[in-house]
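To keep things clear, I will list the structure first and then write my remarks on it.
The values are calculated or read from the model by the stated rules, or taken from the named source; none is laboratory data. Since the structure is predicted, the reported quantities are computational estimates derived from the model, not experimental observations. Glycine gets a Cβ as well: all are built from the backbone with ideal geometry, and neighbour counts include every protein chain shown. Accessible surface is based on the protein model in full, side chains and every heavy atom, while ligands, DNA and RNA are left aside. Shrake-Rupley method; radii C 1.70, N 1.55, O 1.52, S 1.80 Å.
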Amino acid sequence: MPRRVIAVSGAVAESLPRHARTRIIHDAVDTAAFVRRRSRAEVRRELGVEEGSPVVLMVAHFTRWKGHEVFL
C-alpha cells in the first residue's frame, strides 16, 4: 500500500477506496495567462453575441461523468 495518494480534485478523491490515505492537491494555474487583453465588447463582437445576451462558459474535460448535459 502507498503511504499517501495524491488526488487532483475532490471528485477524484471520492473515487478512490476509503482506506486510501488521500490528499487533495489541485492543479496549479498560472493566473497571469488569464489577464483580460480585450474588452468584453470586443469579444462579443468577434463572437457575434449581442450586448445584453447571456454568455456562459464551462471549462472542463468533456466526458460523460462530468455532467455537461446537466449544466446545459
Expressed as a whole number of Å, what is the distance separating the alpha-carbon centroids of the stretch 51-70 and the stretch 27-42? 18
Shape verdict for the chain, please, from the Cα gyration tensor: rounded (a/c under 1.5), prolate (a/b greater than b/c) or oblate. oblate
Keeping every protein chain present and rolling a 1.4 Å probe, give me the accessible area per residue for the chain in Å². 96
Sort the following peptides by mean Cβ neighbour count (other Cβ atoms within 10 Å, averaged over residues), highest first: 32-44, 13-25. 13-25, 32-44
Using a Gaussian network model of the chain whose springs link C-alpha atoms within less than 10 Å, name the residue from VAL29, VAL12, VAL59 with the highest mean-square fluctuation. VAL59
Whenever you get a sec, compute what percent of the accessible area on the chain sits on carbon and sulfur atoms (1.4 Å probe). 57
